[in-house]
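Notes follow once the structure below has been shown.
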Amino acid sequence: MGQIKKLLIANRGEIALRIIRACKELGIGSVAIFSEADLEGIWIRKADEAYPILGNPIQAYLDIEKIISLAKKAGCDAIHPGYGFLSESAEFARACEEAGLIFVGPRPEHIALFGDKTASKEAMKKVGLPVIEGSESAVRDRDEARRIAEEIGYPVIIKAAFGGGGRGMRIVEKPGEFDALFDNAVKEAEKFFGKGDVFVEKYVKNPRHIEIQIVADRYGNVVHLRERDCSIQRRHQKVIEIAPSPRLSEAVRRELYRMSAKAIFRLGYESVGTIEFLIDEEDRIYFIEMNTRVQVEHPVTEMISGIDIIKRMIEIAEGDKLRFLQEELNFRGYAIEFRINAEDVTKGFFPSSGKVQRFIAPGGPGVRIDSSVYEGYTITPNYDSMVAKLIVWDLDWNSAVDKARRALDEFYVEGVKTNIPLHRAVVRDRDFIEGGFTTGYLDEKLEHFDLEMNRSIEEEERRIEEITQVIEKIRSANVRYRL
Ligand code: MV4
């Protein structure tokens, strides 16, 4: 207990701030890093210390040597990688260990295992998870891949073996399309992951994307924190995440919890982690991949469980035993997370950068904002476009949606375009309210949302213009109002 005295956060933005907050509550010193493009970053000021890493703004958060030498120089005994960047680099986890630093995450062997998508399927199959039929390992040869596709039957999906986020992924409907799409997938995998290895799987039509949050210590204590429904995505980027899933049968849910906890126990996995599943239209369960990091959407699970996932993750890395048993947990209500991105929804979701002139965030009971944005902050085009996460919680699904509608209507950002209008349209959509969405939801809805979105932006601008004029009138007349 209390092994970590000072921790370096190898990340930026809201997750850096989230980890600093956890450190403060645990009495751990926090050390931030920042790139040349991040001089205005709020995490720099909130950490106990902060050090720049000069050069390319992306490379700064990927520079294993510099980050480790900084951590040593600053007298840190641990590093938290957050999500993205080095969070799933087995090489980084190993380098931390070798430098005598605690890597706050799983052991390097587990990061490496689950980074290899075919090895991961094989390992999970061995510990009892149902996997999708397909090639047993990566296939280099196109003819061999086509034979496998024919064997399992179309449609099939080609995926990058060392990828993620939908890159290098191709759905093949008929045999005639296979060769071209295979070459395509290999090229994209090479470009994004440096390895052209791909594998073939049966394509599951219109699935729900459900993931189980796991917390496990090094003594074999494994606890699940229920599921998140991440079906609402656009171009493989999650947009809205929900805990628990509003329409999952109790039987499927129990089965997912049971098999996930058992698999993690049998693997001897330590730290937090997420097991991703697809659920098909007949409620069949398929394991797809395991994430060995804390995820962007972890707050929805925190809201329904009362468990601080980041604090527990740090304690596990210190060698602490889990503080709670499965039976001791009390889950309550529903939480929804909306990723607020700086992008123009009316112009193909093109990233929007610039100075944030106004940032009026919603509040009130059951409303949480995880963000590193403030008024006057300039959003640069160097990093992904997520500027805030709005998380709402309430006792039941309908109340949570009502709260989301209220909170999204309150949210006002000026200076950059955001996807708030899209979220406002979603929480008014009957199919969303009824909870029966699948991964095809957003693509289907986008065309229909368009008009409504524009109207709500225009209405809001008109009202603000009216109020501004009244205020100007009062100012110029120098009228005094008695209340
Ligand atoms: C699939 C699939 C259907 N069948 N695999 C997307 C991201 C990655 N984590 C896994 N993904 C999928 N894998 C099989 N065998 C469907 C998805 C998928 C998806 C596919 C197309 C368009 C949107 C999607 C959203 C979520 C998941």
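The values are calculated or read from the model by the stated rules, or taken from the named source; none is laboratory data. Everything numeric in this text was worked out from a predicted model, so none of it was measured. A quick note on method: Cβ atoms are made from the backbone with ideal geometry, for glycine too, and the neighbour counts reach across all protein chains shown. The accessibility values were calculated without ligands, DNA or RNA, using every heavy atom of the protein model including side chains. Shrake-Rupley method; radii C 1.70, N 1.55, O 1.52, S 1.80 Å.
The figures follow:
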quantity: Cross-chain or 6+ apart pairs with Cβ under 9 Å, segment 163-179 first and among the aromatic types (Phe, Trp, Tyr), then part of a strand (DSSP E or B); calculated: PHE178/VAL156; PHE178/ILE158; PHE178/VAL172
quantity: Some residue of segment 196-206 being among the hydroxyl-bearing types (Ser, Thr, Tyr), within 14 Å of ILE288 (Cα to Cα) and in contact (Cβ under 8 Å) with a residue 24 or more places away in the chain; calculated: yes
quantity: Test: ILE275 is at pLDDT 95 or above and open to solvent by less than 20 Å² (accessible area, probe 1.4 Å); calculated: yes
quantity: Residue within segment 205-213 that is more than 14 Å from the ligand (Cβ to nearest atom) and open to solvent by 20 Å² or more (accessible area, probe 1.4 Å) present; calculated: no
quantity: Positions within segment 260-270 being buried (at least 16 other Cβ atoms within 10 Å of the Cβ) and not in a helix (DSSP H, G or I), in sequence order; calculated: TYR269, GLU270
quantity: Odd one out for TYR383, checked against (1) closer than 19 Å to VAL345 by Cβ; (2) assigned to a loop (DSSP other than H, G, I, E, B); calculated: (1)
quantity: Qualifying strands (runs of 3 or more DSSP E) (wholly inside segment 20-95; at least 3 residues being under 26 Å from TYR374 (Cα atoms)); calculated: 29-35, 49-53
quantity: Top-ranked residue in segment 318-357 [being farther than 30 Å from LEU26 by Cβ and touching a Phe, Trp or Tyr at 6+ places or on another chain (Cβ under 6 Å); ranked as surrounded by the fewest Cβ atoms within 10 Å (Cβ to Cβ)]; calculated: ASP344
quantity: Of all residues making up segment 136-150, the number that are within 15 Å of the ligand (Cβ to nearest atom) and over 22 Å from LYS191 (Cα atoms); calculated: 3
quantity: Residue match in segment 236-259 (condition: open to solvent by less than 20 Å² (accessible area, probe 1.4 Å) and in contact with a Gly (Cβ under 7 Å, 6 or more places away or on another chain)); calculated: yes
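Yes or no, residue by residue, for (1) closer than 24 Å to PRO207 by Cα; (2) within 21 Å of the chain's Cα centre (by Cα):
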site	(1), (2)
TYR374	no, no
ASN382	no, yes
SER385	no, yes
GLY415	no, no
ARG428	yes, no
ILE433	yes, no
TYR441	yes, yes
